[in-house]
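Just below is one structure, and these are the notes that go with it.
Only the coordinates and a few stated rules stand behind these numbers; no lab work does. Because the structure is predicted, anything quoted here is derived from the model rather than measured. Note: ideal-geometry Cβ built from the backbone for every residue, glycine included; neighbour counts use all protein chains shown.
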Amino acid sequence: MADTRVLPVSNVKYGLKAETSFGAGLDTDGNDGTAYFTQPVVQAQKPTFNINRESRLLSGRGSVKNAADTITNLRGGTVTMPFEMLATPRTLAQHLLLVGQETGHSSGVHETEFDGSSNADSIGGSITSGMPHSCNLAYYPAAGEGIKLCGVVASDLTIAGDVGANNGLVSMSGNYFSGFSNPVSSSTVLEQTFDGTWAAAETTYFNMMDADTRTLDIDDASDQTFIMKSFSFNIANGVNRVGFDTNGNAELYVFPEYAITGSLMIKYDDEFDYGAANNIIQDFLNGSTMGLSIKIGDGTISAEGELNIVANIQYTGDPAQDLSENGVFHSLEFECVQNGSSEALKISTFKNEAPNAF
Amino acid sequence: MKIKGKLNKLHRANPNGVLCDKSSLNKLRSGETVNVTEKVAQELLNMGFVEKVKEKSKKEAKNG
């Protein structure tokens, strides 16, 4: 008789915990008792093992492949896993570390900047105070059926807010990346039981309708205040695995380029129009670099749920229009660029924990 | 422990996600000082939503 067991989607959870040694399991003895931080996702996606499989039709086999002529190679592969969730104080701070490999943590304020010099070009050496930042990831459908991934970073991260989506709460999405595709007891493991006390998902969020500061430079004016419908920032670090340890797992990761793009939808008004001094089209035609600030909270970053985003942007296309019942809005696509000593992108948020406690 | 809410921060506290009871949270939101357990106070302090109210010493209290 067929088995009647059902695995409800909501039974599956996953958690993260910062590593103390690159690519090594935090608890490698039997069941994993690590106290993972549960991630606030609605549906946990399964990790995908991207290993090498060779399948050939050899001469002399006739017209059908033979079972003996295929090879799988667990060494040298990667493991990836998508994620999507509402941003919370710890998850946002940690995922910025995972994608940006840079921090300026002090007294609960986590500041990750992208400036062309302070972000790590490679990781794989020792870890000090949670930096560089990589994680153990526990994917857990049921006892004895879990997957532990080691050496996990984020290859890309999108931070977005839209007054018409998620009740105006800021969301984040992206993909995890690991170069530890060969299951061994000391690292990535299958058929794992996680019996530690997992920390519950956080319940404080970032409300974009709580953004007191929303300013953008335009044409002849600086720091003009805009009325915002939505924003989005995408950070991709182009992570690649390099080398092979004794198990064929990665010796290091390289981050060849931190590419940051985004979009912003703001209202057409006297601050942002097609007229003299405030001409948003002129900024695109001139190739101007503009300062952009979005600050959720009073800008001081001293409590959970506060977020400062400061960027230097250049439009990548002609400012388009969004025509809605509320009038004309500008739909601005941009990329973030380092401008002198000003960072391409700097994001600050508050969580009263150090990176090595994540 | 006696705590007082930071009125420009406290609205971000999710009432369903903190240890503080509804009555105390309402008082904090009204700007009142409340006396709560160490655990409850510490959670809100860590989140940056409240500040600790310094208790007056016996001498300070006596002097008014």
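In order along the stretch A:292-306, the Karplus-derived 3J(HN,Hα) couplings, from 6.51 cos²θ - 1.76 cosθ + 1.60 at θ = phi - 60°, round to 10, 10, 10, 10, 8, x, 8, x, 7, 6, 9, 8, 4, x, 9 Hz, and Gly and Pro are given as x. When DSSP beta bridges are restricted to pairs lying wholly in the protein assembly as shown, around 95% turn out antiparallel.
What is the Å³ per residue value for the convex hull set by the Cα atoms of the stretch A:11-132? With only Cα atoms used, the stretch A:11-132 gives 209 Å³ per residue.
For the stretch A:288-347, the gyration tensor built on C-alpha atoms gives an oblate shape. Its axis ratio a/c (a ≥ b ≥ c) is at least 1.5, and a/b is not larger than b/c.
Note on residue B:4: aspartates and glutamates with a C-alpha under 14 Å away, same-chain residues under 8 apart excluded, are B:32, B:38, B:43, B:51, B:55.
With a Cα cut-off of under 26 Å and a minimum spacing of 8 residues unless on different chains, the lysine pairs in chain A number 16. Specify whether the C-alpha gyration tensor of chain A places it in the rounded, prolate or oblate class, a ≥ b ≥ c being the square roots of the eigenvalues: rounded for a/c under 1.5, otherwise prolate if a/b is larger than b/c and oblate if not. Note, shape of chain A comes out prolate.
Rounded to the nearest Hz, the phi-derived 3J(HN,Hα) couplings of the stretch B:21-31 under the Karplus curve 6.51 cos²θ - 1.76 cosθ + 1.60 (θ = phi - 60°) are 6, 4, 5, 5, 5, 4, 5, 4, 5, 8, x, where x marks glycine and proline.
How far is the Cα center of the stretch A:18-52 from the Cα center of the stretch A:94-113, in Å? What the calculation gives is 21 Å, centre to centre. Look at the Cα gyration tensor of the stretch A:100-211: its axes a ≥ b ≥ c give a/c of at least 1.5 with a/b at or below b/c, and that counts as oblate.
For the stretch A:80-92, 3J(HN,Hα) computed residue by residue from phi via the Karplus equation (6.51, -1.76, 1.60; θ = phi - 60°) reads 10, 7, x, 9, 7, 7, 6, 6, 10, x, 6, 5, 5 Hz, glycine and proline entered as x. Convex hull volume of the C-alpha atoms in the stretch A:247-358, normalised per residue: 206 Å³. DSSP loop (so not H, G, I, E, B), at most 10 other Cβ within 10 Å: list which GluC sites (Glu not before Pro) in the stretch A:265-358 pass both filters. Those satisfying the criteria are A:325. In this simple spin-label model, placing a label point 7 Å from the Cα along the Cα-to-Cβ direction at both residue A:316 and residue A:57 gives a separation of 4.2 nm. Each 10 Å bin, from zero up to the one with the longest distance, holds this percent of the alpha carbon pairs of the stretch B:2-48: 28, 69, 3. The relative contact order of chain A, computed from alpha carbon pairs under 8 Å that lie at least 6 residues apart in sequence, is 20 percent. Put simply, the amide H of residue A:243, placed in the peptide plane, has neighbours under 5 Å in A:251, leaving out anything fewer than 5 places away on its chain. For the stretch A:65-128, the calculated P(r) over all alpha carbon pairs, in 10 Å bins from 0 to the bin holding the longest distance, is 15, 33, 27, 11, 10, 4, 0 percent.
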